[in-house]
Amino acid sequence: MKNVKMITKIAMLSALTISVSMMFVLPIPATNGLVTLCEAGIYTSAFLLGPTGGFFVGAISGAAIDLLSGYGQWILFSALIHGVQGWLCGLLYAKFTHHKRSISLTTASIWMICAYSLATAFLYTWPAGLASIPGNIFQNLFGIVVTVPLVSALKKINQFHTKEE
C-alpha cells in the first residue's frame with residue numbers, strides 16, 4: 001500500500017509540474033531550447049518525496065514537457081538531467097541537517113546548468129552551450145523562489161509528511 005501512495009504522489013506531482021510548466025514556456029532560439037517552471041515541481045517533489053520521488057518527477061516531467069513542446073531532440077537529455085537533478089536534491093536534503101535547502105538546491109542547480117550546457121554543446125555547438133547558461137540560471141532561480149515558500153506552506157498545512165521533519 002505504501003508503494004501505491006508513493007506512485008500516486010509521483011504521478012500527481014509529475015502531472016502538476018507538466019501542467020504548470022506548459023503554461024509558461026519561454027522559447028530560447030539561440031539554444032533551440034526553452035525555459036519553464038519545471039524546477040519548482042522537481043525541487044518540491046525532492047523535498048517532499050525524497051530522492052526517488054525527485055528522480056521520477058524530474059525524469060517524467062522533463063521528458064514530457066519536451067515532447068509536448070515540440071523539442072523531441074531534448075527528451076532523453078531532459079529525462080536524464082532532470083531526473084538526476086531531482087535525485088540529487090532529494091538525497092542532499094535528506095543527508096544534511098543544517099542549511100539543507102541551500103546545499104541541495106545549489107548543488108542540483110549547478111548540475112542542471114552544467115549538464116544542459118554540455119548537452120547543448122553536444123547537440124549544437126559550444127557557443128550555444130555557453131549561451132544556454134543564463135536561461136538555465138534564471139530557470140533554477142525562479143524554481144527556487146517558488147519552491148521554498150510552497151514547501152513551507154504544504155508542510156504547515158500537513159499535506160505531506162516527510163521523514164526528516
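The values are calculated or read from the model by the stated rules, or taken from the named source; none is laboratory data. Because the structure is predicted, anything quoted here is derived from the model rather than measured. For neighbour counting, all protein chains shown are included, and Cβ atoms are generated from backbone atoms with ideal geometry for every residue, glycine included.
Descriptive notes on the structure:
- Within region 112-128, restricting attention to residues that are in contact (Cβ under 8 Å) with a residue 24 or more places away in the chain and not polar (S, T, N, Q), the residue that is surrounded by the fewest Cβ atoms within 10 Å (Cβ to Cβ) is Leu123.
- Take the conditions (1) at pLDDT 95 or above; (2) on the phi > 0 side of the Ramachandran plot; (3) of a type outside the set (A, V, I, L, M); Gly70 misses just one of them, which is (1).
- Residues within region 46-74 that are among the aromatic types (Phe, Trp, Tyr) and closer than 15 Å to Ser104 by Cβ, tallied: 2
- Yes/no for Lys9 being surrounded by fewer than 22 Cβ atoms within 10 Å (Cβ to Cβ), assigned to a helix (DSSP H, G or I) and touching a Phe, Trp or Tyr at 6+ places or on another chain (Cβ under 9 Å): yes
- Some residue of region 132-143 being part of a helix (DSSP H, G or I) and either farther than 23 Å from Val20 by Cβ or in contact with a Cys (Cβ under 6 Å, 6 or more places away or on another chain) (or both): yes
- Residues satisfying the stated conditions in region 51-68, i.e. among the small types (Gly, Ala, Ser) and over 17 Å from Leu150 (Cβ atoms): Ala59, Gly62, Ala63, Ala64
- Scan region 84-123 for residues that are in contact with a Gly (Cβ under 9 Å, 6 or more places away or on another chain) and of a type outside the set (A, V, I, L, M) and the total you get is 12.
- Residue check, Ser109 buried (at least 19 other Cβ atoms within 10 Å of the Cβ), at pLDDT 95 or above, among the hydroxyl-bearing types (Ser, Thr, Tyr) and under 22 Å from Met22 (Cβ atoms): yes
- The set of residues in region 22-54 being touching a strand residue (DSSP E or B) at 6+ places or on another chain (Cβ under 9 Å) and crowded, with 24+ Cβ neighbours inside 10 Å consists of Gly33, Thr36.
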